Structure formats: structure tokens, C-alpha cells
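The next block holds one structure in the form of C-alpha cells; read it before the comments.
The values are calculated or read from the model by the stated rules, or taken from the named source; none is laboratory data. No experiment lies behind these values; they were computed from the predicted model shown. Here the Cβ is made from the backbone with ideal geometry for all residues, glycine too, and neighbour counts use every protein chain on show. Ligands, DNA and RNA are stripped out before the accessible areas are found, and what is left, the full protein with its side chains, is counted by its heavy atoms. Shrake-Rupley method; radii C 1.70, N 1.55, O 1.52, S 1.80 Å.
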Amino acid sequence: MPFQYEHLRTLTALVDEGTFEAAARHLHVTPSAVSQRVRAMEQAVGKVLVRRTTPVTTTPAGDVVLRHARQVLVLDEDALTELGAGDGNRLLPVAVNADSLSTWFLEALATVAEELGEVFEVHREDEEYTTSLLRSGTVMAAVTSTPEAVQGCTVEGLGTMRYLVVCTPGFARRHLGDPADPALLAQAPMVTFDRRDDLQDRFVRRALGGEPRGPRHYIPASQDFARAVHLGMGWGAVPEWQCREALATGELVPMAPDHPVDVRLYWQRWNLRSPALDLLTDVVRRHAAARLHPLAPG
């Protein structure tokens, strides 16, 4: 291999810390030493691996080497742990969408943290974009809506996260009439997660036809999104687990109970035998089975 172990550690530290100076402090070396190690790696492969920006980012070639570096470090820590010589300070980086994190995924992480004493770095990203973090080597596993495996990863189905289109009774009276006419949702104020969130748009196209034309509130946090709907700011597609109780008490009303919005979720992880990653996968699988609907065929 053209890479020395210390060079691989240096690359991961540089990406994680963001600057040559911060990486140097983390590794207890000089910024010049960090720069020399990265340059030696680039000379070995004949390609630029990092962009000297603030923070430092990896090039496509750097993504490949970074993923390799993280995998080497995982295997190294696994071996040390098995020998009873691990330091217990390893970070396991994972990516997950906000709604999964709020409704079931955090419980899975807590189980693994208790059993193994691992420390997690959670990257919150939309389920359609978490695979980009796998490709770049930023994370070792991800909850994603992409069924095609990223190169060097395995994929398995977790289940379907169901969203229900709901609003408050007061909102329904003000904007949808009495009795409420769900067809008017397309013109009514809506709550959406961020500018990439298309769940509400998807519902309008499929259930009502056309495009939503009402004003939008952007609330980029899962719990706050649900609370905004509870406060009557707009209608929204809320995870089933976050609105069940309010539906039962009448605080929220369903607008289209026969038209839930379902998002298929998958677990992608490095194709690497690691006790920590294997345990995490098993726990994620079990928690998903308890909270998600089964994946329908096709």
C-alpha cells in the first residue's frame, strides 16, 4: 500500500477537524507535519486528495482514500478492543434523517452505547441524501431511502415510515371550511421541513392533483415541525408516531386518512466485518422492525 498508517490517521483528523492547525493540535504534531503527510499521500497516488479550503474538503479521489482510512482505523480499533487494549474513545459516525432520529433511531444508538460504550457522531441529513456521506467516507452507516448499494457497502430494507396529513380543528375551520374540504389543502398554509422537503408536495400531487400553492413555513427540526402543526401554523405530513396521541384526543384531525405518505427506508453500511458495526446493524434492524411498517413488495 502507498499509505502509511500515520498518514491515514492524519487525513481523517484533517477532515474531522477542518483545518491543518486544528488537525495538528489533535495529533500533537506541527501543521507542517500534517501538510507533509498529506502531500506524501497525494504524491503516492498522483492525485489531489484535499481542497485547501476552510474547512478542508476532500476531492473525489480524497473520498476514496478517506473511506479506506476510516475502515483501516475501525479494524485497528476492533483488534485493540478484542485484545483489551482499546482506549474506548472511538467515534462511530452515522447518518440518519431527522424524523427517524426523533422517533426510533436514537433509542437504537442508546442501546449500542450502553452495551459497547461506543461514542457516536450523528450526521442529520435528509434520507435522500445520506448516501452522499457514505460515498465520501464521512460515515460508516446510514439510514437512507436509496435501495441501490453505494460502492463498498451492503444494503437491507428496514421498513416504511408512515406520515399522516394532519392539522388542528381550528386550522381546518379557518382554511378548509366546515365541514372541512381536503381539496383546499393545496391553497392552505403548510409546514415543510426545509426547501428539499417534498413530502407535502408529493401528497398534493398524488391525492389532490396539481401543485401546492399556499404559503409555506420552513421548520427544520422534526419535533418543532410537529409542534408547528400542533400550534395551527399550517397542515403537514407528520410521522405517525408523533401524531397518534393528538389524533386520539382530537387535538389534531386527519385530512386524508386513506392517503398516507410512505417513505421506504434502508440501512446501508460498509461491507466490513466489525463487531461494533455488526451490533449496531442488529440493533437498528430490531428497533426499525418495532417502529416501522413492513416494506411492501416492489
Of (1) closer than 23 Å to Leu11 by Cβ; (2) modelled with pLDDT of 90 or more; (3) hydroxyl-bearing (Ser, Thr, Tyr); (4) surrounded by 20 or more Cβ atoms within 10 Å (Cβ to Cβ), Thr144 satisfies all except one. Which? (1)
Got at least one residue in region 217-236 being touching a residue at least 60 places away in the same chain (Cβ under 8 Å), open to solvent by less than 10 Å² (accessible area, probe 1.4 Å) and hydroxyl-bearing (Ser, Thr, Tyr)? yes
Checking Glu128 against (1) open to solvent by 30 Å² or more (accessible area, probe 1.4 Å); (2) over 23 Å from the mean Cα position of the chain (by Cα), which test does it fail? (2)
Do we have Leu231 as at pLDDT 95 or above and within 25 Å of the chain's Cα centre (by Cα) here? no
Would you mention how many residues in region 5-42 are under 25 Å from the mean Cα position of the chain (by Cα) and not in a helix (DSSP H, G or I)? 2
Within region 242-253, the count of residues that are in contact with a Phe, Trp or Tyr (Cβ under 9 Å, 6 or more places away or on another chain) and surrounded by fewer than 17 Cβ atoms within 10 Å (Cβ to Cβ) comes to 0
Which of the numbered conditions does Ser100 fail, given that it passes all the others? Conditions: (1) farther than 25 Å from Glu240 by Cβ; (2) surrounded by 20 or more Cβ atoms within 10 Å (Cβ to Cβ). (1)
Within the bounds of region 150-164, is there any residue that is more than 15 Å from Phe105 (Cβ to Cβ), out of contact with any Leu (no Cβ under 8 Å at 6 or more places or on another chain), assigned to a helix (DSSP H, G or I) and without any contact (Cβ under 8 Å) to a residue 60 or more places away in the chain? no
I'd like to check which helices (runs of 4 or more DSSP H) are fully inside region 190-298 and have at least 1 residues that are touching a strand residue (DSSP E or B) at 6+ places or on another chain (Cβ under 8 Å) and among the basic types (Lys, Arg). 199-203, 275-291
In region 56-90, how many are outside any helix (DSSP H, G or I), touching a residue at least 24 places away in the same chain (Cβ under 8 Å) and either surrounded by 15 or more Cβ atoms within 10 Å (Cβ to Cβ) or among the aromatic types (Phe, Trp, Tyr) (or both)? 3
Counted residues in region 111-148 being hydroxyl-bearing (Ser, Thr, Tyr), farther than 15 Å from Arg269 by Cβ and in a strand (DSSP E or B) come to 0
Output the residue which, of all residues in region 264-278 that are out of contact with any helix residue (DSSP H, G or I) (no Cβ under 9 Å at 6 or more places or on another chain) and not charged (D, E, K, R), is least open to solvent (accessible area, probe 1.4 Å). Tyr266
Test each condition in (1) charged (D, E, K, R); (2) in contact with a Ser or Thr (Cβ under 7 Å, 6 or more places away or on another chain); (3) farther than 25 Å from Thr144 by Cβ for Asp258 and report the one that comes out false. (2)
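Please work out if Thr154 is of a type in the set (Ser, Thr, Tyr), open to solvent by less than 10 Å² (accessible area, probe 1.4 Å) and closer than 23 Å to Leu101 by Cα.
Judged against the criteria, Thr154 is not a match.
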Taking the residues in region 182-209 that are surrounded by 13 or more Cβ atoms within 10 Å (Cβ to Cβ) and acidic (Asp, Glu) as candidates, determine which candidate is farthest from Ser222 (Cα to Cα). Asp201
For region 46-55, what are the residues that are over 24 Å from the mean Cα position of the chain (by Cα) and open to solvent by 70 Å² or more (accessible area, probe 1.4 Å)? Lys47, Val48, Arg51, Arg52
